[in-house]
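Taken together, the values in this text are just the output of simple stated rules run on the coordinates, not laboratory data. Nothing here was measured: the structure is a model prediction, and the numbers come from that model. Note that each Cβ is placed from the backbone with ideal geometry, even for glycine, and that neighbours are counted across all protein chains shown.
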Amino acid sequence: MSTLRTVPLHRITGQETGPPRLVELPDGTPVWLVTRYDDVHQVLNDQRFGRAPVQAPGAPPVGDSPSVLKSREAIGRQDGGAHLRLRRAVGRAFTPRAVAHLRPWVADVIEQLLDGLVKQGPPGDLVRDYAMPLPSLVMHRLLAVEDVPFETIFHWSQHAMAGASAAPEEGARARTELAEFAGGLLAARREAPGDDLVSSVVVAAQGEGGIPESALVNLISTMIIGGHDTTMTMLGNSLLYLLTEQPVAWQRLRTGEEAAAALVERLLHLIPIGDPAEGAGHLVTAGADIGVGGVTIPAGALVSTDRLAAHHDPAAFPGDLHDPEALFAPLPRPTLAFGAGRHYCVGTWLARAELQLGLHRLAVRLPRLRLAVEAEEVEWRHGSITRSPVRLPASW
């Protein structure tokens, strides 16, 4: 196990920031690495940097993850009209206003889990008993798939979001199972639509027209596993950070949802959602000669943005980012945790709501919560494009 994997994610800072420079992917493919905040922000917002050409038919393979999120059909790999149609098919369900209406039942899911923790009493496992089931139960309700055990969703997310180091056979099986389930779900909702998210996607897609079935299957697959994995990952890593290094911040969480919202924004900024050990993030292709940070990136070149390095760019984020007071102060620049521009993650507001309510209510209900392990003793879940604790033994 490499040193990188044993370091808690909040202690990893990414590449040293500087002008764009040529590096090589593990397979030897040349790629322009962009690290400074302003440069990363430019690349993410400039539509001349395309995502689709990276995995277009006939394009040379690059050393990237086999994750379902990075397949040719994924919404994150589309450009132009194809991307816009997919985004419109799902976007209305995840607007800030739509998520505000969902907050009461997200809170209800959280309270049920907390009731279970209080009833069982210590010791407990904050991953098994809280971080893992919370987002699964939310997605169960949102997608109306209550009959699917959350252990199955976890299995799919672990293997269908496999990183470069994962066993390819298991990932292929999980992606096939997930695609078959998502395809069946789409067919069932076309036959008998309800008031769930899949039904709304079906109706919106019919109105849009021109969306391939494979892209819709990938979209539903992404919602099933992405909605689970992102929140589970952030909850586990945030709890490890707060309970081992930020006891003052943990207590301040109890003061209200406003404090929780400010803290979550900092946590999203400090703790990468993806595992830096699993290779390059989303690669893009320069559609023309483009000036970035004083360097001209030639047309046709591959570009990789290091958002982790950008989040620690001292020019954009001066001072100690881990200072307890700073954790509740507004960020001087918007975080890039969920991307930027036209590819900004559609599920960001739901993920934020789950994290805000999940951390705040846990701190309120279990104010004396403490971990039974040190950070360096944590066993990590790896092999996926994300990384989080396998378990967090705790008492209260």
### Message
Using the Cα centre of the stretch 310-396 as the reference point, and only Cβ charges (+1 on K/R, -1 on D/E), how large is the resulting charge dipole? Debye, rounded to the nearest 20.
### Response
500 debye
### Task
Compare 235, 302, 102 in a GNM of the chain, Cα atoms joined below 10 Å, and give the one with the largest fluctuation.
102
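At 18 angstrom or more along the helix axis (alpha-carbon based) and mean Kyte-Doolittle of 0.0 or higher, what helices does the chain contain? Whole DSSP H runs only.
Values: long enough: 96-120 (36 Å, 0.15); 168-191 (34 Å, -0.58); 213-245 (47 Å, 0.69); 257-270 (19 Å, 0.60); 348-365 (25 Å, 0.16).
Span-like helices here: 96-120, 213-245, 257-270, 348-365.
For the stretch 201-323, give the magnitude of the charge dipole about the Cα centre (Cβ charges: +1 Lys/Arg, -1 Asp/Glu; no others), in debye to the nearest 20. Show your work: numbers first, answer last.
Numbers: 4 positive and 14 negative charges, 30 e Å.
Using only the charged Cβ atoms, the result is roughly 140 debye.
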### Summary
1/(1 + (r/R0)^6) with r = Cβ-Cβ of residue 288 and residue 27, R0 = 22 Å, i.e. FRET efficiency to nearest 0.05, evaluates to 0.30
### Query
Which of the following values of Rg/Rh (Cα atoms, Kirkwood Rh) was calculated from the structure shown: (1) 1.11; (2) 0.95; (3) 0.99?
(2)
### About the Cα centre, charge dipole magnitude for the chain (Lys/Arg +1, Asp/Glu -1 at Cβ), debye
680 debye
### Query
Counting pairs of alpha carbon atoms under 8 Å apart in space and at least six apart in sequence, what relative contact order in percent does the chain give?
31 percent
### Task
Could you tell me which of 117, 145, 71 has its Cα farthest along the dipole of the chain towards the positive end, charges placed at Cβ (Lys, Arg +1; Asp, Glu -1), taken about the Cα centre?
145
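Given an 8 Å cut-off on Cα distances and at least 6 residues of separation, report the relative contact order of the stretch 283-377 as a percent. Please report the intermediate quantities before stating the final value.
Working: 50 pairs, mean separation 13.7, N = 95.
Contact order relative to length: 14 percent.
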### FRET E, pair residue 255, residue 203, Förster distance 41 Å, beta-carbon r, rounded to 0.05
0.45
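Quick check on the chain: helices-only [θ] at 222 nm, where DSSP H runs of length 4 and up contribute -39,500 (n - 2.57) each and the sum goes over total residues. Nearest 500, please. Don't skip to the answer; put the middle values down first.
On the way: 13 runs with 184 residues, N = 396.
-15000 deg cm²/dmol, from helical runs alone.
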### Task
Take the chain, connect every pair of alpha-carbon atoms lying under 10 Å apart with a spring to form a Gaussian network, then pick out the residue of 214, 71, 238 with the largest mean-square fluctuation.
214
### Task
Take the Cα radius of gyration of the stretch 272-337 and divide it by 2.2 N^0.38 Å, with N its residue count; two decimals is plenty.
1.40
### Query
If you keep only loop residues by DSSP, which GluC sites (Glu not before Pro) in the stretch 239-337 have at most 12 other Cβ atoms within 10 Å of their Cβ?
325
### Task
Select from 240, 359, 185 the residue whose mean-square fluctuation is largest in a Gaussian network model of the chain (Cα-Cα springs shorter than 10 Å).
185
